[in-house]
1. Give me the one-decimal nm value for the distance between modelled label points at A:Val435 and A:Ser617, 7 Å along each residue's Cα-to-Cβ direction.
2. Choose one of A:Leu425, A:Trp469, A:His440: the residue whose Cα lies farthest towards the positive end of the charge dipole of region A:406-485 (beta-carbon charges +1 Lys, Arg; -1 Asp, Glu; about the Cα centre).
3. Using DSSP to call loops (not H, G, I, E or B), can you name the trypsin sites (Lys or Arg not before Pro) in region A:254-303 whose Cβ has at most 11 other Cβ atoms within 10 angstrom?
4. What span do the alpha-carbon atoms of region A:418-477 cover on each of the three principal axes, reported in whole Å from largest to smallest?
5. Using the beta-carbon distance between A:Gln348 and A:Asp404 and R0 = 35 Å, what value does 1/(1 + (r/R0)^6) give for FRET efficiency, to the nearest 0.05?
6. Once the Cα atoms of helix A:387-399 and of chain A are each reduced to a long axis, what angle between those two axes, in degrees from 0 to 90 to the nearest 10, is obtained?
7. For region A:261-333, count all C-alpha to C-alpha pairs, find those more than 21 Å apart, and express that count as a whole percent of the total.
8. Compute the signed sum of charges (Lys and Arg +1, Asp and Glu -1) over the other residues within less than 9 Å, Cβ to Cβ, of A:Ala559.
Amino acid sequence: MPPPLLRDPATVLPSLGAPAPHPHLLRALHAHLLVSARLASPSHLAAFAASLASASHLAYARLVLPRRPATLLAHNALLRALARGPRPGLSFAAFRHLPLPPDHYSLTFLVRAAATLAASAAAGRPVPGQVNARLLAVSAHGAAVRRGHAADPHVQSGVVSMYAALGDVADARAAFAEIACPDVVCVTAMVGALAAGGDVDAARELFDGMPLRDHVAWNAMIAGYVHVGRSREALRLFDQMQRAGAAIGEATLVSVLTACAQIGALDRGKWVHWYMRSRGMRMSVTLGTALVDMYSKCGAVVTAMEVFESMGERNVYTWTSAVSGLAMNGMGLECLELFKRMESAGIQPNGVTFVAVLRGCSMAGLVDEGQACFDSMKGKHGVDPWLEHYGCMVDLYGRAGRLDDAINFINDMPVEPHEGVWGALLNASRIHNNVELGKHALDKLLAIESQNDAAHVLLSNIYAESQNWKGVSRVRGVMKAKGVKKVPGWSAIEVDGKVHEFFVGGRSHPRHKEIEMMLAEMGRRLRLQGYAANTKEVLFDIEEEEKEGAISLHSEKLALAFGLIALPEGVEIRIVKNLRVCKDCHDYTKLISKVFNREIIMRDRNRFHHFKDGTCSCKDYW
DNA sequence: ATAGGGTTAG
């Protein structure tokens, strides 16, 4: 009786991500295959070759394969295993040494290998073997053309997404244009390529023109909207997808959850969670991670942690989401604790994880702990600090008022400081009203990036907070002269599952009349409490919103007024803003929470503010 | 007897 492993060639195939079979097992397997004469069967040989190729047993595969009559089946199995393995670049070596002419299967595997390498390179991950992803992509495409398989639909769709993974929309377009009669898969690949390149409108046009859309096509389009931050459109498309009766699967829900996270659509996010449970969907790592992210970005950090704890399998993304969620919600100590748990669990943190922990420490004023984390990066975890991490450290010292430490840290940096480092110093100067240091940081910042909008706005706010109105108008003049563009700010609020978006000074909401009346009422009641706008027409929103005269209002005030009208008493008001909240709006919201006796949860670009009884969870430290 | 497009953290 052979071991169960040998009954079917398929069972010998390595599953993705599985550890490499132990050499002893491979030798035993080899012996069995030889003795039972199964190695003469091409399918068994193919399965065995794939098993050998699954990791570091490539040499063994090279030893076994040439001793048998060459079959493309076995060699394709090798290519397939290599393309899906940890070092896809090895497919190219195997391809070059093929003893037979490759077929359309071989080319499909080669293209997939190139696409995987391209994706790694685009993500900034080191490519094993130090290969040039673009060179390999072009050579894979070229091989397909030379071998006469460039017209195979499987190869074509792969080539389109391969160029998309490289970030080369023009080449993806060119490859797509060559397809005489693109099928639904090829068109979907192109929709994804256009969306990844940022041109979602072109993607949408292509999508709308599709004679037939399957669920993957819908997913590609929804993900495209999410990718460029047009989450409301993503959610609208998801509604249409359901009405169209397309199959809703994991990939769809992950994109929908990402959209909910972006705009703080907690009710919709909860609905997805409910939907998963009602359909008995498995909580995969990806789906669970998306849920943790959604709940924490919607301010429901307790639920986020419940989901996190309930997950059977967690990877570095899951842990990082949770660490980042705690940081964002101002729970610096808990964030640090979870990070330590991650270390004990043997999950290797990466650069993104460290950005999250350092930000958590920074927001909670945990200077020594943050310093210890930073010091452990390289030695203990083998993670080389990025410029972002240096920026986090300057932020950590600077926020805590240790401006000298921040400056010394910058002077001791082994690399040239980038705009983020100077930006952090500039922000620290603002918090601690150090105009001189702020000017210095700004000079450095503008020398690197003269069009930096946030820098100008920050300097203006430093002047404003120290009542230097001349300085403020000078900065504004400079901005106008240079044509520095400001990102428009928005605030979103969800009411009955519908997300309402407000822009600065906006009047386009259907209930704008009521909002105006509510704003007047809010102002009247605040004045009774002694509130006076601490800055008249001069204070910018911390980043880019501009206040133009007394009638213009920051978007969060509009959203807040609408929340007071549309949400019943006792229900907390949740607002999500794309920029940082300014001091005036922060003071205003604190008082509103007291005067109207409402809990207000506001997420800005960096963190959450939980307002209650006239105080904020950030302790005015942001 | 092997194959293509869509999904997670800053």
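Readers should treat all values here as calculations from the given coordinates under stated rules, not as data from a laboratory. On a predicted model such as this, the values are computed, not experimentally measured, just so you know. Don't worry about glycine lacking a Cβ; one is built from the backbone with ideal geometry, like all the others, and counts go over all protein chains shown.
1. Placing both labels 7 Å beyond Cα along the Cβ direction yields 3.6 nm.
2. Checked the options; the winner is A:Trp469.
3. Within region A:254-303, the qualifying trypsin sites (Lys or Arg not before Pro) (loop, at most 11 other Cβ atoms within 10 Å) are A:Arg279, A:Arg282.
4. 30, 25, 14
5. The pair A:Gln348/A:Asp404 has a calculated efficiency of 0.55.
6. Between the helix axis and the principal axis of chain A, the angle is about 30 degrees.
7. Pairs farther apart than 21 Å: 18 percent.
8. Net of charged neighbours comes to 0.
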